[in-house]
């Protein structure tokens, strides 16, 4: 089958995007397209250039005999800011107000159009080199955590709020939930984490950080090290919190009965 | 900014894949690349041809003034079968056996490498034209349902097993869970589904179908029509079930203490 240069480039982009952060060797492309490695090197330069020019993500080329290419999902500061500001505008709509400080968000945080980008923002601002798992707790944060795991190409783990027979032996801890104001338990399958793993925690809404603190403690039981903590929306940042060194995308500030939703300004110091 | 033909094709593929099932007009591409529509039509033919040749998914071109192009994720019968057979081999490993007929699956069904493809299989075998929502029930089916929603470019809804304050007013029903053998309740936010919607149900494991039957009944409360039901793994198909017209990817047959995992042979009659 004869494949033209333009066609080869289209196919290479498809393959790269299907498996973010996965290294494709020149040999693999050479076998697939029956094309010389030198020609493929030129194709890859084309892909790399346009991804840089239009800020479509990073293309990393690895030199040497075992060399190759991988696609790293990445939102530039401009693109991330535009997206998060649009999210803030949507979250601010008065009809989202439920009882207390709860907001109706599931039309946003379950929709793949949004979660895909939320995942790319987390993958752009959190350092996930040498990370073994993305860990979340059920339920509302699962879609965004899953898309974060997909962008990073790392397996996801979901902490359960009860012990389930379909997970085998589990490890569980108790924690004080800021949402319900009561003692709850969380559990994770014993064999789901390999010893000495590094993990990134993701959660959707953080108030005082009790849930994330519980997640940190559960990770200790697995001898896993938490290398980053990503929060979609943090309520009243700066107040007394149970955890530190977390990265929030959006801040919800509640003061004197007024609510403001805005992008975390410190988010982009790394971008 | 001068963009070469090869670069333009790489960028077009990236844009298409970022938003499956979303129509991009020639005008949009023309504005983005400052290129004549006639030239872009040629570029699109290139993309369409190679996606067909290598079975990378479908590229649909829409003719006319409002015409354009969209990418439809699609796994060919060969690719889907290869993937599902590999999954069956992994699921069959004896160390996955838990108590009863439960299997440890979370390393597979939470991993984006697998869920992305499971989502593409569902999008290849279920007709989702004119579907408004993909609906699942917490927890283990969420990642695969979310990837199905992502492939179809349709919002996801997650039915909760308890009533949550962060979802506002809810509608709930009781159902007989085959997993626990007890009466349980499921609920969904009142305003999450627009009236007269069409929905696709997705669940991870089906025994007698009690959970899916409950989901169907909950949908009736919303005046929503269930147009398809996708199940990742069905236990003992052919036995008495509470639902019909569902589509299972994988069958688990348990007989005389023996367990067999195999791909549903009827799956590919449509492919």
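If the condition is being over 10 Å from the mean Cα position of the chain (by Cα) and either part of a helix (DSSP H, G or I) or at the interface with another protein chain (Cβ under 7 Å from one of its Cβ atoms) (or both), then the stretch A:105-115 contributes A:106, A:107, A:108, A:109, A:110, A:111, A:112, A:113, A:114. For the stretch A:134-144, the set of residues classified as in a helix (DSSP H, G or I) and at the interface with chain B (Cβ under 9 Å from one of its Cβ atoms) consists of A:142, A:143, listed by residue number.
If you filter the stretch A:201-212 down to residues that are more than 16 Å from residue A:228 (Cβ to Cβ) and assigned to a loop (DSSP other than H, G, I, E, B), you find that the one that is farthest from the chain's Cα centre (by Cα) is A:208.
Every residue, every condition in (1) part of a helix (DSSP H, G or I); (2) more than 30 Å from residue B:30 (Cα to Cα); (3) touching a residue at least 60 places away in the same chain (Cβ under 8 Å), yes or no:
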{"position": "B:65", "(1), (2), (3)": "no, no, no"}
{"position": "B:70", "(1), (2), (3)": "no, no, no"}
{"position": "B:78", "(1), (2), (3)": "yes, yes, no"}
{"position": "B:81", "(1), (2), (3)": "yes, yes, yes"}
{"position": "B:87", "(1), (2), (3)": "yes, yes, yes"}
{"position": "B:100", "(1), (2), (3)": "no, yes, no"}
{"position": "B:117", "(1), (2), (3)": "yes, yes, no"}
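When restricted to residues that are outside any helix (DSSP H, G or I) and under 24 Å from residue B:71 (Cβ atoms), the stretch A:1-34 contains 9.
Restricting to the stretch B:238-271, name every residue that is loosely packed, with under 11 Cβ neighbours inside 10 Å and in a strand (DSSP E or B). B:255, B:258, listed by residue number. Report yes if some residue within the stretch B:68-89 is over 30 Å from residue B:110 (Cβ atoms) and buried (at least 17 other Cβ atoms within 10 Å of the Cβ); otherwise report no. There is at least one residue in the stretch B:68-89 that is over 30 Å from residue B:110 (Cβ atoms) and buried (at least 17 other Cβ atoms within 10 Å of the Cβ). Of the numbered criteria (1) within 13 Å of chain B (Cβ to nearest Cβ); (2) modelled with pLDDT of 95 or more, the one residue A:85 fails is (1). In the set B:102, B:51, only one residue is at the interface with chain A (Cβ under 9 Å from one of its Cβ atoms), under 30 Å from residue B:248 (Cα atoms), at pLDDT below 95 and within 25 Å of the chain's Cα centre (by Cα); that residue is B:102.
Rundown of residues vs (1) surrounded by fewer than 22 Cβ atoms within 10 Å (Cβ to Cβ); (2) more than 10 Å from chain A (Cβ to nearest Cβ); (3) over 18 Å from the mean Cα position of the chain (by Cα), yes/no style:
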site: B:148; (1), (2), (3): no, no, no
site: B:153; (1), (2), (3): yes, no, no
site: B:163; (1), (2), (3): yes, yes, yes
site: B:185; (1), (2), (3): yes, yes, yes
site: B:189; (1), (2), (3): no, no, yes
site: B:199; (1), (2), (3): no, yes, no
site: B:214; (1), (2), (3): no, yes, yes
site: B:218; (1), (2), (3): no, yes, yes
site: B:229; (1), (2), (3): no, yes, no
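Evaluated against (1) under 19 Å from residue A:181 (Cα atoms); (2) in contact with a helix residue (DSSP H, G or I) (Cβ under 9 Å, 6 or more places away or on another chain), residue A:251 falls short on exactly one condition, (1).
Only residues that are free of Cβ contacts under 8 Å to residues at least 24 places away in the same chain and surrounded by 18 or more Cβ atoms within 10 Å (Cβ to Cβ) were counted across the stretch B:16-28, and they come to 0.
Checking each residue in the stretch B:213-237 for being under 16 Å from residue B:193 (Cβ atoms) and assigned to a helix (DSSP H, G or I) picks out B:214, B:215, B:216, B:217, B:218, B:219, B:220, B:221.
When the stretch B:4-45 is filtered for residues that are closer than 14 Å to residue A:4 by Cβ and more than 9 Å from every other protein chain (Cβ to nearest Cβ), the ones remaining, listed by number, are B:42, B:45.
Within the stretch A:165-183, the set of residues being in a strand (DSSP E or B) and within 12 Å of another protein chain (Cβ to nearest Cβ) comprises just one member, A:170. Looking across the stretch A:96-113, the residues that are within 15 Å of residue A:142 (Cα to Cα) and surrounded by 18 or more Cβ atoms within 10 Å (Cβ to Cβ) come down to A:105, A:106, A:108, A:109, A:110, A:111, A:112.
Regarding residue A:199, is this residue in contact (Cβ under 8 Å) with a residue 60 or more places away in the chain, over 19 Å from residue A:83 (Cβ atoms) and in contact with a helix residue (DSSP H, G or I) (Cβ under 9 Å, 6 or more places away or on another chain)? Against the criterion (in contact (Cβ under 8 Å) with a residue 60 or more places away in the chain, over 19 Å from residue A:83 (Cβ atoms) and in contact with a helix residue (DSSP H, G or I) (Cβ under 9 Å, 6 or more places away or on another chain)), residue A:199 qualifies.
Give A:62, A:91 a once-over and let me know the one that is touching a strand residue (DSSP E or B) at 6+ places or on another chain (Cβ under 6 Å), under 30 Å from residue B:115 (Cβ atoms) and within 14 Å of chain B (Cβ to nearest Cβ). Checking each option against the conditions leaves just A:91.
The values are calculated or read from the model by the stated rules, or taken from the named source; none is laboratory data. These numbers come from a predicted model, not from an experiment. Note: ideal-geometry Cβ built from the backbone for every residue, glycine included; neighbour counts use all protein chains shown.
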